[in-house]
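Q: First, the structure itself, so that you have it in front of you.
The values are calculated or read from the model by the stated rules, or taken from the named source; none is laboratory data. Just so you know, these numbers come straight off a predicted model, no measurement behind them. No Cβ is skipped: glycine too gets one built from the backbone with ideal geometry, and neighbour counts run over all protein chains shown.
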C-alpha cells in the first residue's frame, strides 16, 4: 500500500466522447493533518495507472501528468471503451457513470516519499521530493466545493491512518482548532486570489482578453474562492459561537484596602535587552577596571547605556550614597545591587539540578520545621465499644547557614575588555563552576555532612539497589521501594546522567518507533515521571520525592574583587596555611580575583524521600538500518 496525498479537488473538464477528465491532483497547501507535498519536488513517469479506491486490482484507465508548477500538479486521465462484456467493462462503466453523476468526485495520489522532514510542531511532514505512482478515484458525497480535508477524512475512515514507512501503526494527530482551520483556509484563498490576479495582469500587459483556457481557469479559481469565502464565513460564525459558550475561569479578586494616603509615585524600571547575567557581570567588570572607584566606574559603565543603563545607575547610586558599609548611607545602593545579583541567580538556578526539580520544599534558614515521622493507629470499632486512643510522632529539622564559595582568577587585560565576548567568559565560567559544584554536592552519595561546613547529599545514607540495566525494570524497582516506604508516588522526579538520558531517547523498537518519546539529552519525562539529566549523576539513577526534600537559599550571590590579595592557587587550600604553602600575589602577576559566595542548604525531610540505583549503564537499542529506511513504496502509509 502506497502513501496517499491529497490536494484541492477541481475537475476542470469532462469529455464524454473521449472519456477524459482534467483537473488538479495535488497542491502545496497543508492538509488537515498538517502534511505538505511540495509540487516542484514531484516526479513521475507518464502514463501512470488510474485506479479505483487505491486498489491495484481495479485499474480503470491511464493518467498523464503535466509538468508540476508551484501551484500544483495538473493531470488528464482517460477511461477506455471496452467492447467485450465482462468485469473490466463493468468496472470502467461503473466508474465513468459515477464520475458523470458526481458520485465519484474526489482524487488522491499514491506516492512514495524520497526526501522529507518533520515540521516544527512535530505533527506534520513536509515531503520535499516524492514519486507519484498512481492516481485514484475516491468516493465522497457529490459536492463540487469539497476540499481535500473532507475527502481525506472520509477515505481514511475506511482504511485507517498509518505512519510513513510503518504499516498498520497508528499515528497520533492533533485535531486542528477552529482558529487554525481559519488560518489554513485563509492562506489557501490568498493563493487562489493571487493566481486570479496574475492571469488578469498578464492579459492586461498584453492588451488582450483572456483566452478560452485562461477564462476556464479563471472561472474555476473564482468558484473556488467563492466556496472558500462561504466556508470561512461559516468557520468564523462557529468561532463566535464557541467564544460565547466558553466558560470563564472565575478568580476571586484580592481584597484591596482603600488608600488612606496620597498615591505613591510610580516606579519606572528599565529592562536590559541582553542575555541574563550580563548587567551583573558588567557591574563587576566596571568596578575591577576602575579599581573600586565608584565615580570612575559609573563613567566607565556609561558606554553600555544603550543596552544596560541600570549598570551606570547602580554605580552612580553608590557614589551618591557615599559608603555601602554605613547603615545610614546604604539604602539607595541595596535595591540596585540586589536587582543585579538576582539577575545572576536567576541565570544560575536553571543550570543546576536544584533549579530544575519542581516543587522542592523551600524553607528559611535557622527555622525549625516539624516533620511527621509516624501516624496514628486506627481500627474497626463495634457498637457501644470504646474507640482506641492514638498519637502521632514528630521530629524537627533546622537548616542552618551553609556556604558555597569559589575564586575565579583572570587577567586584568581580560577584565578590562568591554566587549560582550569577554563578559561571556566571566559569566559562563561562574555559571558552569558554581552549578557543577552544587550538582555534585547535591546528589553524590559519598558526600557526608560536616558540622558547621556543609550538608550531606540527599543520597547519602539513602536506600539503594543495583541496576539491572533495563529502564522499565529499574523504574519498577524504584517505585516499589518508594511505595514500600509509604512515600507518595505523585510528583516523583528522576535524576540520571545525560549519557543514560540520550540512550533512552534514542531507543527504538523493531519497527523504528521511539520507546521513550519523552526523553531528551537534558531530561524530559519517563512514563509520566519528570526526569532531570546531569552528567554528575554518573551511573546512578536517583528517585526524589521533592515535597519531602527541604532546602534553604538566600537567593543571592555576593562577589568580592581584589587585585592585591595573595592566594593559594589550589583547589584544596591548606587551612590554616603553614610555612610550606606557596602564596601567589595577584598584584605581582597582574591578575584579578573574583570571589563568589552563595548561601544554600538542603536536607531530606525523611530518609525514604530519596532512593537510588547504582551501576546503571543503559545502551542504545535501535533496529537494523534496513528496518528503518523511512517511507518507501514497500512501506505502507495512509496519510490521515
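Q: What tally of residues in segment 547-560 results from selecting those that are modelled with pLDDT of 75 or more and part of a strand (DSSP E or B)?
A: Residues of segment 547-560 that are modelled with pLDDT of 75 or more, as a first pass: 547-553.
Subset that is part of a strand (DSSP E or B): 549-553.
Residues in segment 547-560 being modelled with pLDDT of 75 or more and part of a strand (DSSP E or B): 5 in total.
Q: Within segment 183-222, count every residue that is without any contact (Cβ under 8 Å) to a residue 60 or more places away in the chain and either under 17 Å from residue 27 (Cα atoms) or assigned to a helix (DSSP H, G or I) (or both).
A: In the first step, residues of segment 183-222 are kept if they are without any contact (Cβ under 8 Å) to a residue 60 or more places away in the chain; the result is 183, 185-186, 189-190, 192-194, 196-215, 218-219, 221-222.
Then keep just the ones that are either under 17 Å from residue 27 (Cα atoms) or assigned to a helix (DSSP H, G or I) (or both); that gives 183, 185-186, 189-190, 192-194, 196-206, 212-215, 218-219, 221-222.
Within segment 183-222, residues that are without any contact (Cβ under 8 Å) to a residue 60 or more places away in the chain and either under 17 Å from residue 27 (Cα atoms) or assigned to a helix (DSSP H, G or I) (or both) number 27.
Q: Checking residue 564 against (1) surrounded by fewer than 18 Cβ atoms within 10 Å (Cβ to Cβ); (2) within 20 Å of the chain's Cα centre (by Cα): exactly one of these is not met. Which one?
A: Condition not satisfied by residue 564: (2).
Q: Let me ask something additional. Limited to segment 463-496, what total is found for residues that are over 12 Å from residue 531 (Cβ atoms) and in a strand (DSSP E or B)?
A: The qualifying residues number 4.
Yes/no matrix, rows are residues, columns are (1) modelled with pLDDT under 85; (2) assigned by TED's automatic domain parsing to the domain that holds residue 316:
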position: 192; (1), (2): no, no
position: 218; (1), (2): no, no
position: 234; (1), (2): no, no
position: 248; (1), (2): yes, no
position: 252; (1), (2): yes, no
position: 262; (1), (2): yes, no
position: 272; (1), (2): yes, no
position: 283; (1), (2): yes, yes
position: 290; (1), (2): yes, yes
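Q: Which count do you get for residues in segment 56-93 that are assigned to a strand (DSSP E or B) and out of contact with any helix residue (DSSP H, G or I) (no Cβ under 9 Å at 6 or more places or on another chain)? Walk me through how you get there before you give the answer.
A: So in segment 56-93, the residues assigned to a strand (DSSP E or B) come out as 56-65, 69, 72-78.
Adding the requirement that they be out of contact with any helix residue (DSSP H, G or I) (no Cβ under 9 Å at 6 or more places or on another chain) leaves 56-57, 62-65, 74-78.
Number of matching residues: 11.
Q: Looking at segment 109-121, is at least one residue touching a helix residue (DSSP H, G or I) at 6+ places or on another chain (Cβ under 7 Å), on the phi < 0 side of the Ramachandran plot, in the same structural domain as residue 29 (by TED's automatic domain parsing) and modelled with pLDDT under 85? I'd like the intermediate steps shown before the answer.
A: Of the residues in segment 109-121, the ones touching a helix residue (DSSP H, G or I) at 6+ places or on another chain (Cβ under 7 Å) are none.
Within segment 109-121, none of the residues are touching a helix residue (DSSP H, G or I) at 6+ places or on another chain (Cβ under 7 Å), on the phi < 0 side of the Ramachandran plot, in the same structural domain as residue 29 (by TED's automatic domain parsing) and modelled with pLDDT under 85.
Q: So how many residues does segment 495-514 have that are surrounded by fewer than 20 Cβ atoms within 10 Å (Cβ to Cβ) and within 16 Å of residue 476 (Cα to Cα)?
A: 0
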